[in-house]
Amino acid sequence: VSSMPEVAGDAALMVDPYDVDAITDALQRIIGDDDLRQSLIERGYERVKQFTWAGTAQQLRQIYHDILNE
């Protein structure tokens, strides 16, 4: 749903936001599994490095360039 899979990548557990049982199960897994929780934290720190102001500006510049040169 939405852009969450694209943004979170492998640094989160994806669940159906309308499925209460799936949300509950994912939370229980994260709370109960120290290795999983630590892995998600580490992957999150790596994932966030992919989203910078410089990168965003470059992508926006490329979009403008592509639009103006169509």
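The values are calculated or read from the model by the stated rules, or taken from the named source; none is laboratory data. Bear in mind the structure is a predicted one, so any value in this text is a computation, not a measurement. Virtual Cβ from ideal backbone geometry, glycine too; neighbours counted across all protein chains shown. We work out accessible area using only protein heavy atoms, side chains counted, and drop any ligands, DNA or RNA first. Shrake-Rupley method; radii C 1.70, N 1.55, O 1.52, S 1.80 Å.
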### Task
With respect to Asp19, determine if the residue is open to solvent by less than 100 Å² (accessible area, probe 1.4 Å), of a type outside the set (A, V, I, L, M) and out of contact with any helix residue (DSSP H, G or I) (no Cβ under 7 Å at 6 or more places or on another chain).
yes
### Query
Does region 1-16 hold any residues that are touching a residue at least 24 places away in the same chain (Cβ under 8 Å) and charged (D, E, K, R), and which are they?
Asp10
### Within region 1-16, tally of residues that are surrounded by 14 or more Cβ atoms within 10 Å (Cβ to Cβ) and over 20 Å from Glu42 (Cβ atoms)
1
### Task
Evaluate region 32-52: report whether one residue or more is more than 19 Å from Gly9 (Cβ to Cβ), open to solvent by less than 100 Å² (accessible area, probe 1.4 Å) and either of a type in the set (A, V, I, L, M, F, W, C) or touching a residue at least 60 places away in the same chain (Cβ under 8 Å) (or both).
no
